[in-house]
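Quick notes on the structure that follows.
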Amino acid sequence: MSDRSKRITLKEAAEIVKDGTILTFSGFTIWRRPMALVYELIRQKRKDLHLIEVNSGPHSEFLIGAGCVKIWESCWIGHELYGKYGANLARKVKEKEIIYEDYSHAEMGFRFLAAASGMPFIACQTSLGTDIHNPEYDMMGRAGLRNGSNPKIPKKKYEWTEDMFFGEGRQTLVPAAKADVAVLAVQQVGEEGTVRIGGQYFTDPEVCRAADITIVVAEEIVPEEKLRHQAQLNNIPGFQVDYIVECPYGAHPTGMFGYYDVDGDYLRNFYATTRTQEGFDAFAKEWIHGLDHDAYLTKLGIPRLLTLQASRALNFSTRIKRGAK
């Protein structure tokens, strides 16, 4: 057991993410996003964040709408069936308030794999022949950001080579996705930082290793010896985690497999009301500013949280009315 406790508060976790931080996240679209910490970043008025993600979702839409983001690198953003596209990103791009950098989904995954493996780049054939590789769409290059002043921003968006080993033709070289901070939302973390993720773990192990600092926001902090009873179920070792935060319902309104479902009504309302900046500001005034996480849960109310709560036998809520033919 380390002499230094890794446990910090939500507010302290947000203070680690400084203005201009290159930030990445756990989860996938509307699952296991660290929303409680995102809200706290907005309350602390963080600026000029550089988000780099395998895929995006509500967490980034909140940060972008709040004016916290300068650069967004990913392949997609939205709320799945609760709001097909990211209206806040679309608005900020149209108004030229944000720099966006588009890669394919697979390329983003490969970029994090490269960083996690300690490699500066990785070769793939993804997106060959598509307009994604059009040099006109190198938005960070056009903004003059590939000048080497930031060692984590690659000097080129892409490079190409021929396969000299097996003769399998043209290969795309994509740069590693290097982050300053990774924030993970998970079900359980041990006192020393061992992470156990229920359900799909997506690219969490890669984004963790791609970042200089990893913060884990967990539904529960549990004794390490309990996690060692079934060590094969653990996903990330403690030495790769720098800080841990215990925060029940910390991923709401996104879902936490086995604990609670996605709050579809909340996301639909967010999508419908934040297509304008005035709408976003009103939403943030009601749901973010002036609240802490406990007050946020109180505002949601016990009946709503109980409706979302998952059956521990089935891993999903049996109280939510789902679609019918």
For segment 276-316, name all the residues that are more than 24 Å from PHE28 (Cβ to Cβ) and touching a helix residue (DSSP H, G or I) at 6+ places or on another chain (Cβ under 6 Å). GLY279
Considering only residues that are in contact with a Pro (Cβ under 9 Å, 6 or more places away or on another chain) and in a helix (DSSP H, G or I), which ones fall in segment 60-82? TYR82
Of the residues LYS152, LYS96, only one is in contact with a strand residue (DSSP E or B) (Cβ under 8 Å, 6 or more places away or on another chain), among the charged types (D, E, K, R) and part of a loop (DSSP other than H, G, I, E, B); which? LYS152
Consider segment 256-275. How many of its residues are crowded, with 17+ Cβ neighbours inside 10 Å, touching a helix residue (DSSP H, G or I) at 6+ places or on another chain (Cβ under 7 Å) and either under 29 Å from GLU97 (Cβ atoms) or of a type outside the set (Asp, Glu) (or both)? 7
Evaluate segment 198-213: report whether one residue or more is surrounded by 24 or more Cβ atoms within 10 Å (Cβ to Cβ), in contact with a Leu (Cβ under 8 Å, 6 or more places away or on another chain) and closer than 15 Å to VAL245 by Cα. no
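Conditions tested, residue by residue: (1) touching a residue at least 24 places away in the same chain (Cβ under 8 Å); (2) touching an Asp or Glu at 6+ places or on another chain (Cβ under 7 Å); (3) not in a loop (DSSP other than H, G, I, E, B).
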| position | (1), (2), (3) |
| --- | --- |
| ILE244 | yes, no, yes |
| HIS252 | yes, yes, no |
| TYR296 | yes, no, yes |
| LYS299 | no, no, yes |
| ARG304 | yes, no, yes |
| SER311 | no, no, no |
| LEU314 | no, no, no |
| ARG322 | no, no, no |
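Would you pick out the residues in segment 41-59 that are crowded, with 23+ Cβ neighbours inside 10 Å and not in a loop (DSSP other than H, G, I, E, B)?
Of the residues in segment 41-59, the ones crowded, with 23+ Cβ neighbours inside 10 Å are 41, 46, 49-54, 56-59.
Listed by number, the residues that qualify are LEU41, LEU49, HIS50, LEU51, ILE52, PRO58, HIS59.
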Residues satisfying the stated conditions in segment 15-39, i.e. surrounded by 23 or more Cβ atoms within 10 Å (Cβ to Cβ) and assigned to a helix (DSSP H, G or I): MET35, ALA36, LEU37, VAL38, TYR39
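If I ask for residues that are within 16 Å of the chain's Cα centre (by Cα) and either surrounded by 24 or more Cβ atoms within 10 Å (Cβ to Cβ) or of a type outside the set (Val, Ile, Thr) (or both), which ones from segment 71-84 would you list? Lay out the reasoning, then the answer.
Of all residues in segment 71-84, those within 16 Å of the chain's Cα centre (by Cα) come to 71-80.
Selection gives TRP72, GLU73, SER74, CYS75, TRP76, ILE77, GLY78, HIS79, GLU80.
Only one of these is surrounded by 14 or more Cβ atoms within 10 Å (Cβ to Cβ) and either at pLDDT 95 or above or of a type outside the set (A, V, I, L, M) (or both): PHE110, PHE166. Name it.
Working: PHE166 fails: surrounded by 14 or more Cβ atoms within 10 Å (Cβ to Cβ).
Sole residue among the options that is surrounded by 14 or more Cβ atoms within 10 Å (Cβ to Cβ) and either at pLDDT 95 or above or of a type outside the set (A, V, I, L, M) (or both): PHE110.
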Any residue in segment 75-94 that is among the hydrophobic types (A, V, I, L, M, F, W, C) sitting within a Cβ distance under 6 Å of a residue that is part of a helix (DSSP H, G or I) and surrounded by fewer than 20 Cβ atoms within 10 Å (Cβ to Cβ)? List the pairs, counting only those 6 or more apart or interchain. CYS75/HIS105
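Among the candidates ARG4, ARG33, single out the residue that is among the basic types (Lys, Arg), out of contact with any Lys or Arg (no Cβ under 9 Å at 6 or more places or on another chain) and modelled with pLDDT under 95. Quick ask: steps written out before the conclusion?
Numbers: ARG33 fails: modelled with pLDDT under 95.
It is ARG4.
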Please enumerate the residues belonging to segment 197-237 that are closer than 16 Å to PHE257 by Cβ, free of Cβ contacts under 8 Å to residues at least 60 places away in the same chain and hydroxyl-bearing (Ser, Thr, Tyr). TYR201
Scan segment 135-148 and report the pairs whose first residue is surrounded by 12 or more Cβ atoms within 10 Å (Cβ to Cβ) and whose second residue is part of a helix (DSSP H, G or I), with Cβ atoms within less than 9 Å and a gap of 6+ or a chain change. TYR137/ASP131; GLY141/PRO135; ARG142/GLU136; LEU145/MET139; ARG146/MET140
Residue ID - farthest from SER74 (Cα to Cα), chosen from residues in segment 123-134 that are surrounded by 17 or more Cβ atoms within 10 Å (Cβ to Cβ) and free of Cβ contacts under 8 Å to residues at least 40 places away in the same chain: HIS133
Which residues, taken from segment 157-176, are over 16 Å from THR130 (Cβ atoms), in a strand (DSSP E or B) and touching a residue at least 60 places away in the same chain (Cβ under 8 Å)? PRO175
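The values are calculated or read from the model by the stated rules, or taken from the named source; none is laboratory data. Bear in mind the structure is a predicted one, so any value in this text is a computation, not a measurement. Positions of Cβ are backbone-derived with ideal geometry, glycine not excepted, and every protein chain shown enters the neighbour counts.
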